[in-house]
There are 2 protein chains.
Amino acid sequence: MALVNEHFLKLPNNYLFSDIAKKVNSFKVTHPKSSIIRLGIGDVTEPLPKAVIEAMHKAVDEMAHKETFHGYGPEQGYDFLIETIIKNDYTPRGIHLEPSEVFINDGAKSDTGNIGDILRHDNSIGVTDPVYPVYIDSNVMCGRAGVLENGKWSNVVYIPCLKENNFIPQIPDKRIDIIYLCYPNNPTGTVISKGELKKWINYALENDTLIMYDAAYEAYIQDPEIPHSIYEIKGAKKVAIEFRSFSKTAGFTGVRCGYTVVPKELTAGTLSGERIPINRLWNRRQCTKFNGTSYITQRGAEATYSPEGKEQVKDIIHYYMTNARIMREGLQSTGLSVYGGENAPYLWVKTPDGISSWKFFEQMLYEANVVGTPGVGFGPSGEGYIRLTAFGDRANCEEAMKRLKTWLK
Amino acid sequence: MALVNEHFLKLPNNYLFSDIAKKVNSFKVTHPKSSIIRLGIGDVTEPLPKAVIEAMHKAVDEMAHKETFHGYGPEQGYDFLIETIIKNDYTPRGIHLEPSEVFINDGAKSDTGNIGDILRHDNSIGVTDPVYPVYIDSNVMCGRAGVLENGKWSNVVYIPCLKENNFIPQIPDKRIDIIYLCYPNNPTGTVISKGELKKWINYALENDTLIMYDAAYEAYIQDPEIPHSIYEIKGAKKVAIEFRSFSKTAGFTGVRCGYTVVPKELTAGTLSGERIPINRLWNRRQCTKFNGTSYITQRGAEATYSPEGKEQVKDIIHYYMTNARIMREGLQSTGLSVYGGENAPYLWVKTPDGISSWKFFEQMLYEANVVGTPGVGFGPSGEGYIRLTAFGDRANCEEAMKRLKTWLK
């Protein structure tokens, strides 16, 4: 008899964003005349940069002629894109990478999920809490997270990020095998300083811990002191994998492209104590279970680094970060405590009077017709918070703030 | 200490196509003036159909304007593509599918590899031999294949397909949990009749076996009696997942799109005997570890079903199948025994005088300057065969046959 992977059955059936959709739909049915503003899901709304559009048209045309047609590309991505990434995202920060250390993919979600393939099923896991659900769910699926007990997975260490600790995760006092860090952070919108990140590298070096560093939102960093890459910290290449994405940088959520950096000097162990280069395992995983990213997409991603592309990307980031400022100021003027939104497109709002995340979500939906994401959906330490995103339309952001001001007055 | 998944270390370091590339390169270095014709790798050479080019240009333009921009799409794919697939590929063959039974992906390789995520690590595996290496390697990676002993994996049942049995795999006399079938077959280019396929469905129904049916080459079937989909056989929805691809149909090897059919009535068991719908697990897997296929790509795939698109696809298939005929006739005229190539773009050639696959590969390379793929690279039963593909340029195919005729005269 074919048997299912029973770890899947441990996953709760409800899923944050479908639960939200259900609640929004039932509101719409009972209030057909209300106009809802959605500041919940982290999807972009601005069109692709012109440089990307031009590059993709050109690439489509190449595919129309035998002489310039592209069939299977390298599973790891084309050199033209890898070299452009290294030259623009790493070299200027003093980080030397070889082309074979960069793997192009169809978006960071795939790789942050699939990376677990190359690691033992019984490594222990650590996450900052609240957290992007994929880190946990993908580990649940292979049995690595253990069992769910009182809202927490038994083999996962939750490192709380709360206003009480300025959202700075404390270094654990015990050894953890694999730690997920996401900076700028989804969902809190907070960032990590070089000094704090250095503590994590040291912890990882001392404990032989593997850090999964998700830098999907690095383009939103405004403060020049905040690190964009974990490899800005000495020693990081020995302990960290970095995930990047064009989704939020250049509006690629529907185009699908990102990349993963796996340094050659990064190793993990075998039970017998041998050190194995992670790069070799990931390369083998990708060659077997992935067939490269669309040529057209890769040409589009490359164009984000042209002089025009860079300017256009900067404009998009500026647009969303202006939304973030408007929202931040608007929310603060209502007396709410707001975090994030200064170096990240997410705002993390403390609910007033200790109201629960879901209660505040429903009140905001029914009384102000604004949709957010209940913080508790991202983990136990998200209770009492709500996440708003700055990816919306400017007019909607302004209107939402007006509504919230009237509502909370 | 972070530990690696040690199953990866069981994989041999050599990889068929990189071994071939090395041998071809060393020939080129020592024979710089020779012109090599490559009939080895299964990559297409004809450009994308015009209808696809137009659809992708249109989709790129949509991405350039806020009103028509597409961000995150459904992880399962857009309804416009799913419904077009059902209407064109299944309804005319009397197969009823619901949209939620079809999952769009970035190519069949990803899904045939990733599907193992939802199944227990200790299911037994059966493959026809020779076989597409991804089926085995992806199972090795999660420990399901066992250990390698004398060129075979201990938990894999190899079902030989040889000229002695007309390449018809025999139904095993013992129970196997998961069977991979690929028809039209890669690498042998042979097909399966409805009668033979029915035997497999009956076996699966009797033994509670899950069939992974890879139909990536179904568009090449010329004989109207040969099934295109496993669901043409009654009962198949209870036991089979079907993988399809636009790669070889419409030249999408560099664009990346395929789809997987997971019927709602397909179930597998838990250790305690509960039946679990596979569709629900796969949906959860995709929602967690995949973020949908590029909108532009999906619009391109949709266009292969327009009246113009269908004609253009038919022309491409005809072009390659004419290559196949030329190659088949050419090879036969040299006295070689040739299989496949009538309903598939692959030709499976018996080496003369019992020469080994690699020996014949090298002779053909050095003496006729033609590159094939050694059959033994696809499994033990591939020894003594070589695979040639019909995806090349016409002039190259003709020239290759001329060389082989001169060489083997």
Among residues of segment B:228-272 being closer than 25 Å to B:Arg284 by Cα and of a type in the set (D, E, K, R), the residue nearest to the other protein chains (Cβ to nearest Cβ) is B:Arg256
- Take B:Lys248 and decide whether it is at negative phi and part of a loop (DSSP other than H, G, I, E, B). no
Scanning segment A:273-284 residue by residue, those more than 7 Å from chain B (Cβ to nearest Cβ) and open to solvent by less than 10 Å² (accessible area, probe 1.4 Å) turn out to be A:Ile278, A:Trp282
For this session: Report yes if some residue within segment B:317-334 is of a type in the set (Phe, Trp, Tyr), within 21 Å of the chain's Cα centre (by Cα) and more than 24 Å from B:Pro133 (Cβ to Cβ); otherwise report no.
Result: yes
Scanning segment A:162-221 residue by residue, the ones that are within 14 Å of another protein chain (Cβ to nearest Cβ) and among the aliphatic types (A, V, I, L, M) total 9
- Is there a residue in segment B:26-36 that is touching a Phe, Trp or Tyr at 6+ places or on another chain (Cβ under 7 Å) and surrounded by 22 or more Cβ atoms within 10 Å (Cβ to Cβ)? no
Every listed condition ((1) among the hydroxyl-bearing types (Ser, Thr, Tyr); (2) out of contact with any Phe, Trp or Tyr (no Cβ under 8 Å at 6 or more places or on another chain); (3) more than 7 Å from every other protein chain (Cβ to nearest Cβ)) holds for A:Tyr72 save (3)
Checked segment A:191-212 for anything surrounded by fewer than 24 Cβ atoms within 10 Å (Cβ to Cβ) and hydroxyl-bearing (Ser, Thr, Tyr); matches are A:Ser193, A:Tyr203
| task | Confirm whether B:Ile20 is of a type outside the set (Ser, Thr, Tyr) and open to solvent by 20 Å² or more (accessible area, probe 1.4 Å). | result | no
Here, strands (runs of 3 or more DSSP E) confined to segment B:307-409 with at least 1 residues that are of a type in the set (D, E, K, R) are B:346-350, B:385-389
Per the filter on segment B:103-138, residues more than 7 Å from chain A (Cβ to nearest Cβ), more than 13 Å from the chain's Cα centre (by Cα) and among the small types (Gly, Ala, Ser) are B:Gly116, B:Ser124, B:Gly126
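If I ask for residues that are part of a helix (DSSP H, G or I) and farther than 17 Å from A:Gly126 by Cα, which ones from segment A:165-197 would you list? Give the derivation first.
Going through segment A:165-197, the residues part of a helix (DSSP H, G or I) turn out to be A:165, A:194-197.
A:Asn165, A:Lys194, A:Gly195 - these are the residues of segment A:165-197 that are part of a helix (DSSP H, G or I) and farther than 17 Å from A:Gly126 by Cα.
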Filter segment A:303-327 for residues that are surrounded by 24 or more Cβ atoms within 10 Å (Cβ to Cβ) and within 27 Å of A:Val60 (Cα to Cα); the one that is nearest to the other protein chains (Cβ to nearest Cβ) is A:Ala303
Per the list (1) at the interface with chain B (Cβ under 7 Å from one of its Cβ atoms); (2) not in a helix (DSSP H, G or I), residue check on A:Phe8 breaks on (2)
It is to be established whether one or more residues within segment A:348-369 are in contact with a Phe, Trp or Tyr (Cβ under 6 Å, 6 or more places away or on another chain) and on the phi > 0 side of the Ramachandran plot. no
Original post:
Is it true that A:Thr293 is at the interface with chain B (Cβ under 9 Å from one of its Cβ atoms), surrounded by 18 or more Cβ atoms within 10 Å (Cβ to Cβ) and of a type in the set (S, T, N, Q)?
Top reply: yes
Turns out the strands (runs of 3 or more DSSP E) fully within segment A:76-161 with at least 3 residues that are open to solvent by 20 Å² or more (accessible area, probe 1.4 Å) are A:156-160
Of those in segment A:46-61 that are in contact (Cβ under 8 Å) with a residue 12 or more places away in the chain and open to solvent by 40 Å² or more (accessible area, probe 1.4 Å), the residue nearest to A:Thr249 (Cα to Cα) is A:Lys50
Within segment A:332-349, residues more than 16 Å from A:Lys405 (Cβ to Cβ) and among the small types (Gly, Ala, Ser) come out as A:Gly340, A:Gly341, A:Ala344
Restricting segment A:336-356 to residues that are in contact with a Leu (Cβ under 7 Å, 6 or more places away or on another chain) and of a type outside the set (A, V, I, L, M, F, W, C), the one surrounded by the fewest Cβ atoms within 10 Å (Cβ to Cβ) turns out to be A:Pro352
Picking from B:Thr297, B:Thr253, the residue that is assigned by TED's automatic domain parsing to the domain that holds B:Asp79, under 28 Å from B:Tyr339 (Cβ atoms), of a type outside the set (Asp, Glu) and assigned to a helix (DSSP H, G or I) would be B:Thr253
The number of residues in segment A:33-69 that are over 25 Å from B:Gly73 (Cα atoms) and more than 7 Å from chain B (Cβ to nearest Cβ) is 5
* Is it the case that some residue within segment A:224-245 is outside any strand (DSSP E or B), closer than 21 Å to A:His121 by Cα, open to solvent by 10 Å² or more (accessible area, probe 1.4 Å) and not aliphatic (A, V, I, L, M)? -> no
query: Within segment A:303-325, is there a residue that is within 30 Å of B:Ala108 (Cα to Cα) and in contact with a helix residue (DSSP H, G or I) (Cβ under 6 Å, 6 or more places away or on another chain)?
result: yes
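The values are calculated or read from the model by the stated rules, or taken from the named source; none is laboratory data. Fair warning: this is a prediction, and the values are worked out from it, not measured in the lab. So basically every Cβ, Gly included, is an ideal-geometry build from the backbone, and we count neighbours across all protein chains shown. Quick note on the areas: whole protein, heavy atoms, side chains included, nothing else; ligands and nucleic acids left out. Shrake-Rupley method; radii C 1.70, N 1.55, O 1.52, S 1.80 Å.
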